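Q: Quick one: the structure is below, questions incoming.
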């Protein structure tokens, strides 16, 4: 006769392996891929050149990473997933692109000769292969963890982060190669000239291309029919490939014509994408603010917290006060509490739009409520320190609630 406690322990151990073990193993594998790509870069350009390339490449990737963190402030994504996205770009995507680009180059040599073959590799092969490699992580995450995508901003964050990892390794190779050939150089050659192109004029080029896929997935999260939901990511991928191809083609023109295309076409596209991000961040704020009263009526938050949760500045001030009075650990718990409230607000919004099934919504809601309660207890130090009303689930399942029910 089996021991029920032992059976439960085994199930719990299996759950831990699947939830914790496999993601960590995947991160280790991606990290090894990234180290392998660094080793290949070192072999091709030399150790010193690779070190110089890595140091210089840290500058643009730092700027890009800071911008992504700023975009992701309303509803920060899980750190493990963000790290996985970057490592996929730096390891998995670069390895895939390295192998497939070589294979496609051989195919191009069969079709074309000389200059035509080089243009085919630059304008057709590289954009298609590289965007497919970068997008694979984002698309796979969308299929496996669709609850992590609350809108367009989440898609842009994950897509841009994979592209940032990819660009980091690619920049190491380009900067290292320039150093090996001409040293630090000046505006006419060497690391300085390459840095002006890739680190000053176009640090956001790869994130901008792959962000099109993130935009497509963001639109898919709001689509109702399965055909439309599947069409948006495909259109986003095609837009990423076309934008990448256009950029690569413009770099072959050189001089004034390249700058004309850069300022007339590429800069407006970048600014337009930036405007779209800012607009959607404001939209996210409106969604959260609109759902807070329902969460308060359900007893998940208290009335005194409505204003504290309605804006980023108020949330930041709340965490700062808690950190000053109660320490860093309490401030982290308040941050976790704010994130859980935001997730619940987005879940309620999707439910009101009919973009989630009742079973998925119920399971996700139960987990988020548990996270919210855990964070609240941790922030307060005890279950009684922060008052919470009895949770009334009917307030969350009913969308037509305008005022609290009389009791």
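Q: Between residue 193 and residue 260, what is 0.36 nm times their sequence separation minus the Cα-Cα distance? Round to one decimal in nm.
A: Details: separation 67, 0.36 × 67 = 24.12 nm, distance 1.83 nm.
Difference between extended and current length: 22.3 nm.
Q: If you count, for each residue, the other Cβ atoms within 10 Å and average over each peptide, how do 193-199, 361-367 line up from highest to lowest?
A: Values: 193-199: 18.4, 361-367: 15.1.
Ranking, from highest mean packing down: 193-199, 361-367.
Q: How do 148-159, 61-72 rank on mean C-beta neighbours within 10 Å, highest first? Write out the running numbers ahead of the final one.
A: Numbers: 148-159: 25.8, 61-72: 16.6.
Going by the mean number of other Cβ atoms within 10 Å, highest first, we get 148-159, 61-72.
Q: With r as the distance between the Cβ atoms of residue 143 and residue 317 and R0 = 41 Å, compute the FRET efficiency 1/(1 + (r/R0)^6) and round to 0.05.
A: Numbers: r = 38 Å, r/R0 = 0.94.
It comes to 0.60.
Q: Give the share of C-alpha pairs in each 10 angstrom bin for the stretch 31-252, from 0 to the last occupied bin, in whole percents, shortest bins first.
A: 9, 32, 37, 18, 5, 0
Q: Stretch residue 70-residue 252 to full length: gain in nm at 0.36 nm per residue minus the Cα-Cα span? Walk me through the numbers before you get to the answer.
A: Numbers: separation 182, 0.36 × 182 = 65.52 nm, distance 3.35 nm.
Length difference between fully extended and current span is 62.2 nm.
Q: Separate question: Please give, to one decimal in nm, the separation of the simple spin-label points placed at residue 43 and residue 124, each 7 Å out from Cα toward the Cβ.
A: If labels sit at residue 43 and residue 124, their model points lie 2.9 nm apart.
Q: May I pose another question? Determine, from the Cβ-Cβ distance of residue 278 and residue 229 and an R0 of 25 Å, the FRET efficiency 1/(1 + (r/R0)^6), rounded to the nearest 0.05. Can you show the working numbers first?
A: Numbers: r = 26 Å, r/R0 = 1.02.
After rounding, the FRET efficiency stands at 0.45.
Q: Could you list 125, 94, 43 in order of exposure, starting from the residue whose Cβ has the fewest other Cβ atoms within 10 Å?
A: Details: 125 22, 94 29, 43 10.
Ranked by crowding around the Cβ, least crowded first: 43, 125, 94.
Q: Sticking with this one: Label residue 290 and residue 58 with points 7 Å out from Cα along Cα→Cβ: what is the distance between them in nm?
A: Distance between the two pseudo-spin positions: 4.5 nm.
Q: While we're looking at this one, here's another question. Using the 10 angstrom Cβ neighbour count as an exposure proxy, how do 215, 261, 339 rank, fewest first?
A: Details: 215 25, 261 17, 339 20.
Fewest-to-most Cβ neighbours within 10 Å comes out as 261, 339, 215.
Q: Would you mind getting me the FRET efficiency between residue 184 and residue 302? Use the beta-carbon distance for r and R0 = 51 Å, nearest 0.05. Numbers along the way, then the final one.
A: Working: r = 59 Å, r/R0 = 1.17.
E between residue 184 and residue 302, to the nearest 0.05, is 0.30.
Q: Can you bin the stretch 227-351 into rounded, prolate or oblate? Criterion: square roots of the alpha carbon gyration tensor eigenvalues sorted a ≥ b ≥ c, rounded for a/c under 1.5, prolate for a/b above b/c, oblate for the rest.
A: Values: a/c = 3.50, a/b = 2.08, b/c = 1.68.
Since a/c reaches 1.5 and a/b is larger than b/c, the shape of the stretch 227-351 is classed as prolate.
All of the numbers you see were taken from the coordinates with simple rules; none came from a lab. Note that the coordinates shown come from a computational prediction; the quantities given were computed from them, not determined experimentally. We place every Cβ from the backbone using ideal geometry, glycine too, and count neighbours over all the protein chains shown.
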